[in-house]
Amino acid sequence: MVLNKCQEDYIMKQMAVQEVKTLLNEGENLNIIDVREVDEVSKGKILGSVNIPLGLVEFRMHELDKGKQYIMVCRSGARSGRATQFLEEHGFNVINMTGGMLAWEGK
């Protein structure tokens, strides 16, 4: 995991695709939230991930547990970065998966 300074005084936690894959392959139970739109997710997703489109994160964050860590995913890492920042500002422990699904190779 790396920290990335993306705005003044804001440092985002990030994790590379390979790190996420390694943890999954080791049997880790990860809480992955895919913020892509429903039609994008229908073309493929990370097994076990939950789809909450970016535009709905604000309205569905009550479904999340502040005691858990979440890995945010989108197509390229930009939307998940926005979701990461938003949720972190609301007290959630979140990490942005860099590269998004474009960097993900698998089924």
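The values are calculated or read from the model by the stated rules, or taken from the named source; none is laboratory data. Only a predicted model underlies this, so the values are computations on that prediction, with no experimental measurement involved. Every residue, glycine among them, receives a Cβ derived from its backbone with ideal geometry; neighbour counts consider all protein chains shown.
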Failed condition for Asp39, given (1) in contact with a helix residue (DSSP H, G or I) (Cβ under 7 Å, 6 or more places away or on another chain); (2) exposed (fewer than 12 other Cβ atoms within 10 Å of the Cβ): (1)
Within segment 1-27, tally of residues that are at pLDDT below 95 and among the acidic types (Asp, Glu): 2
Test: Asn51 is among the polar types (S, T, N, Q) and more than 17 Å from Gln18 (Cα to Cα): yes
Which listed residue, of Ser80, Ser76, is surrounded by fewer than 18 Cβ atoms within 10 Å (Cβ to Cβ) and polar (S, T, N, Q): Ser76
Some residue of segment 43-54 being surrounded by 12 or more Cβ atoms within 10 Å (Cβ to Cβ), of a type in the set (D, E, K, R) and within 21 Å of Ala103 (Cβ to Cβ): yes
Members of segment 49-70 found to be more than 19 Å from Gln14 (Cα to Cα), in a loop (DSSP other than H, G, I, E, B) and out of contact with any helix residue (DSSP H, G or I) (no Cβ under 8 Å at 6 or more places or on another chain), listed by number: Asp65
Count of residues meeting criterion [in a helix (DSSP H, G or I) and without any contact (Cβ under 8 Å) to a residue 40 or more places away in the chain] in segment 83-99: 3
Test: residue in segment 12-28 that is without any contact (Cβ under 8 Å) to a residue 40 or more places away in the chain, out of contact with any helix residue (DSSP H, G or I) (no Cβ under 9 Å at 6 or more places or on another chain), in a helix (DSSP H, G or I) and basic (Lys, Arg): no
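Looking only at segment 72-81, decide whether some residue is over 18 Å from Ala16 (Cβ atoms) and of a type in the set (Gly, Ala, Ser).
Step one: of segment 72-81, the residues over 18 Å from Ala16 (Cβ atoms) are none.
No, segment 72-81 has no match at all.
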Residues (in a loop (DSSP other than H, G, I, E, B) and at pLDDT 95 or above) located in segment 35-44: Val35, Arg36, Glu37
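Does any residue of segment 86-101 turn out to be under 13 Å from Met12 (Cα atoms) and charged (D, E, K, R)? So that I can check it myself, show each step before the final result.
Narrowing segment 86-101 to residues under 13 Å from Met12 (Cα atoms): 86-89, 92-98.
Still in the list and also charged (D, E, K, R): 88-89.
Taking every residue of segment 86-101 in turn, at least one turns out to be under 13 Å from Met12 (Cα atoms) and charged (D, E, K, R).
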